[in-house]
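Below is one structure, written out as structure tokens; the observations come after it.
The values are calculated or read from the model by the stated rules, or taken from the named source; none is laboratory data. No experiment lies behind these values; they were computed from the predicted model shown. Positions of Cβ are generated from backbone atoms using ideal geometry, with glycine treated the same way; all protein chains shown enter the neighbour counts.
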Amino acid sequence: MNRERELARAFVALSDTYAAEFDPLSLFHRLVHTCRDLFDVDAVAVMIADARGGLRTMAATDEDAEFMELLQVQTGQGPCMDCYRSGTPTSVPDIGAEHAHWPRLVTAMTTAGYRSLQAIPMRLHERSLGGLTLLRRRAGHLAADDVDLAQALADSASLGLMHWSAEPARADDVVTRVQSVIAAKATLDIARGMIAEYAGSTVGEAARLLDGYVTRRHLRLTETAHALVSRTLEPAAVLEPRTG
Amino acid sequence: MAGGDLLGSGDADRETELERTRIARELIAAVDGLRPPDMPDALCRACSRLLPLATGLSVSVAGNNDGTGVVLCASDDVATRLADIQYTLGEGPSPEAVRLRAPVFAPDLTRPPDTSRWPLFSVQAVRSGAQSVFSLPLAGAGRSLGTLDLYREDSGSLTGPHLRTALLVADAVTHAVMALDHHSPAPEGVVTWLAGAETDREEVHHATGMIMVRLGVSAEEALLRLRARAFAQGRTATEVARAIVDRTMDLGDD
């Protein structure tokens, strides 16, 4: 499939919020994987602002500890927070030059093997909801066209988040939608911990096991995580042999 | 860019932690030394002091997925009545906040969309003396334990720093309710849990899931055990969670 067709498909997938299987966590999952597949980048994550303050990771293409640490050091400050606060894209072409600015991020990015970063705001009309972070293993700016395309994909996902219910969301309801997804992500993280303990694996491996299970069986990630945490689904089921 | 009044220039996590600490101190001071039966009303009074924007407030504990609940405490009769109406009708921001595990706001109950969204509740709420209500979930591990419900005599939104403070007060109340609900292993009870309150981090959720499977306990019980261990060891919940996730700490020797 050529790139134009891939892009067209991605836009449809991100705006298809009336689909029966629509799940806000899957929307973010699709956004980060689409960006990694379409752009010249090595890893992607999306963070959303919690009304309590700080950014929360909603989805990432990599669930390993070093990558999670890289995101964790940015929850309170960093280029993604700057991007969220300003509502404009922020580029860090060479993390090696940012020691004075963000020392902890320099360490975390270097440890995880990344050199440059592009942050794209997640916007709903004039309101900033969070940020999309695109990471590369080499230095340099992402092509301007790709920044524009990533912004368009991020805008589609933000709109999808607000329009997935029959009722239109007004300003007072945005916090309901955003916090609801943050709560769903917390449940997903508990479920990942359950799988990790049961399988004797890392949390990153557990995340992949769970993703594989819901994909094979065409289940909603949010509902499957909730079923695990409320004990109506056993962790053993997720580790079933891959025949289903 | 209008992203809400929360957009400061400093470290957002640090600002949140400072506010969280201020709230925990206020609530601890309010309940310290009290017998458990006296704690709910004392908590309610402390919440009112922390949330002067609200005319009144109540704390309700939800039943098991059946839309029922009980009012744990209320600052005045209007707050009690608003909670009762919602449980009786099964309609209103509070049941939705429990279901969605997110804040649900009715900033003006005298006009649409609030009147069309909650046709019965809006009429009765206005008649009772509330023009706006704000329901904040008590977010337990993986489910809502209940709600902190604020009301105002006049209409208006809950935004920016007021919203943040309200959510952080709801977090602190959540920990207090969990401690009142379970038989807390430490004699310090509620005070212990308030002191251990901290921002929800991915590691804490991961560790909660691991403890659930290892010890065969519910998510809330697992989180309580994690907090108990953190308190006993003088460490933060995040530090203990990291040790559990890294498997440098054994889960089974409580």
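Take A:LEU70 and decide whether it is closer than 28 Å to B:GLU15 by Cβ, in the same structural domain as A:THR111 (by TED's automatic domain parsing) and either among the acidic types (Asp, Glu) or under 14 Å from the mean Cα position of the chain (by Cα) (or both). Criteria met by A:LEU70. Taking (1) within 13 Å of another protein chain (Cβ to nearest Cβ); (2) farther than 21 Å from A:ASP23 by Cα in turn, A:GLY131 satisfies each apart from (2). Considering the conditions (1) within 9 Å of another protein chain (Cβ to nearest Cβ); (2) at pLDDT 90 or above; (3) surrounded by 19 or more Cβ atoms within 10 Å (Cβ to Cβ), A:LEU105 is excluded by exactly one of them, (1). Of the residues in segment A:115-128, at least one is at pLDDT 90 or above, within 13 Å of chain B (Cβ to nearest Cβ) and closer than 28 Å to A:GLU223 by Cβ.
So that you can scan it fast, the table gives a plain yes or no per residue for (1) of a type in the set (Ser, Thr, Tyr); (2) touching a residue at least 12 places away in the same chain (Cβ under 8 Å); (3) closer than 27 Å to B:ALA29 by Cβ; (4) in contact with a Pro (Cβ under 8 Å, 6 or more places away or on another chain):
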residue: B:ARG45; (1), (2), (3), (4): no, yes, yes, no
residue: B:LEU51; (1), (2), (3), (4): no, yes, yes, no
residue: B:LEU72; (1), (2), (3), (4): no, yes, yes, yes
residue: B:LEU82; (1), (2), (3), (4): no, yes, no, no
residue: B:PRO113; (1), (2), (3), (4): no, no, no, no
residue: B:SER128; (1), (2), (3), (4): yes, yes, no, no
residue: B:GLN131; (1), (2), (3), (4): no, yes, no, no
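So is B:ALA79 buried (at least 20 other Cβ atoms within 10 Å of the Cβ) and within 30 Å of A:ALA225 (Cα to Cα) or not? In short, no.
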